[in-house]
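The values are calculated or read from the model by the stated rules, or taken from the named source; none is laboratory data. The structure displayed is predicted, hence computed values, not measured ones. Every residue, glycine as well, gets a Cβ built from its backbone with ideal geometry; the counts of neighbours run over all protein chains shown. Just the protein is used for accessible areas: all its heavy atoms, side chains included, with ligands, DNA and RNA removed. Shrake-Rupley method; radii C 1.70, N 1.55, O 1.52, S 1.80 Å.
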Amino acid sequence: MADPLPSLSPAELARYSRHILLGEIGVAGQRKLAASRVLVVGAGGLGSPAALYLAAAGVGTLGIADFDRVADHNLQRQLLHDTASLGEPKVVSAARRLRATNPFIRVVEHADGVTADHALALFADYDVIVDGTDNFSSRYLNNDAAYFAGKPLVYGSVFKFDGQVSVFDSTRGGPCYRCLFPSPPAAGSVPGCGEAGVLGALCGVIGSLQALEALKLLTGIGQPLTGRLLTYNALAQDFHTLTLPRDPTCPLCGTAPSITSLSAAGYAPVCATIPPTPPMSDTDYPLEISVTEAKRLLDQSPSGVLLIDVREPYEVEIASVRGAETIPLGQIPAHAHSLPRDEHLLVMCHHGGRSLRVTEYLRAQGYTAVTNIAGGIDAWAEQIDPTLRRY
Ligand SMILES: [Zn+2]
């Protein structure tokens, strides 16, 4: 039987030599890449680094889907485009750059982006879909189309200083985007389209991670992020990986799905870019709990619960609970987007008043897993640890 993989010319062997030197890739892996087809949806902040790395890596067919044109506020992070491409369709600008990066690959322009009408036919032509879109309606459409087409979807999103990456691959038994976020946030609860800021270099981190996941899927090396959600905070330089199980009640990939086909009406635009907080359990988090309950939670799940002490430094010197992170009240707004969203935040002060205000403030900032400790450290000293000095 003939080898179906394309052979590589001497020029290609030289170009890809630093890949080929990796035992896990070698010539065989590089030929797999040459035979592979990846669709990058969105030639923006995430699609730029993802597509550039996939092109340079020698992915044989690289599709770029985007209906938009290059605007000046894109250039702060969308490195596929430059000042000379202002006003051009993004796919045209992107294709020019990608062909210049690697003339050995085929770049396919999809100037209509992805719509419910043609998504299934479009995805059928590709091996892996990379989602670089920045809004919920597109993410749900890409997710559902990839599920129905049986293609792995490399998901990424950014908001201000936070990013997320995962691989949704039902063919490997993994969850989908709707297992993570069953429905979009309510209109008005999140910033409108174009209103949210993002640190440009953060897109480079997340988009590059998406390219990396795609290359792993195509060559079969390593452990893809299937069933895991990687979260990243740029200010803290903090990566977390959460296990992401398939949800049997998922409206798409669950046991009794309510979504059984793509319909244009199902993907009305929702102007929202903030990543919703991943669900941590079936129960809602109470606004306030007792010191006894707080102690029980901290003992039961030390890595899933973060105790935040919002008192002033001089108060902390008088008495403090071991393991608490000190963030004085006045510094909370500066930390409002860098606190972990995958941990239950317990907020404490002296008597529970300041910490209740902080709890309500953080909830208004989109944190759902945040709870005030009623009575504060004074109640803690009285009921939990009598060795603490009271003041
Ligand atoms: Zn699902």
>> Between R18, R354, R31, where does the largest GNM mean-square fluctuation fall for the chain, given springs only between Cα atoms within less than 10 Å?
In response: R18
> Tally Lys/Arg at +1 and Asp/Glu at -1 over every other residue whose Cβ is under 14 Å from the Cβ of S93; what's the total?
Replying inline: -1
> Roughly how many Å is it from the Cα centre of the stretch 312-329 to that of the stretch 91-111, as a whole number?
Replying inline: 55 Å
> For the chain, what is the mean residue ellipticity at 222 nm derived from helices alone (per DSSP H run of n ≥ 4: -39500 (n - 2.57); sum divided by total residues; nearest 500 deg cm²/dmol)?
Replying inline: -9000 deg cm²/dmol
> Given a 1.4 Å probe and every protein chain left where it sits, what share in percent of the accessible area of the chain is carbon and sulfur?
Replying inline: 55 percent
> So which aspartates and glutamates can K90 reach, going by Cα to Cα under 17 Å and dropping same-chain residues fewer than 8 places off?
Replying inline: D66, D68, D72, D82, E109, D112, D131, D134
> Residues with beta-carbon under 13 Å from that of R363, excluding R363: net charge, scoring Lys, Arg +1 and Asp, Glu -1?
Replying inline: -1
>> Which one, V305, V128, V165, has the greatest fluctuation when you compute a Gaussian network model over the chain with C-alpha springs under 10 angstrom?
In response: V305
>> Straight-line reach only, C-alpha to C-alpha below 21 angstrom: list the lysines that K151 could link to, leaving out same-chain residues fewer than 8 apart.
In response: K32, K216
> Per-residue HN-Hα couplings for the stretch 297-303, Karplus 6.51 cos²θ - 1.76 cosθ + 1.60 at θ = phi - 60°, whole Hz, x for Gly and Pro?
Replying inline: 4, 5, 6, 6, 9, x, 8
>> Suppose all protein chains stay in the model; what accessible area per residue would a 1.4 Å probe give for the chain, in Å²?
In response: 45 Å²
>> Would you calculate the convex hull of the Cα atoms in the stretch 311-378 and tell me its volume per residue in Å³?
In response: 80 Å³
>> Let me cross-check K32: its accessible surface, 1.4 Å probe, with only protein heavy atoms counted, in Å² to the nearest 10?
In response: 90 Å²
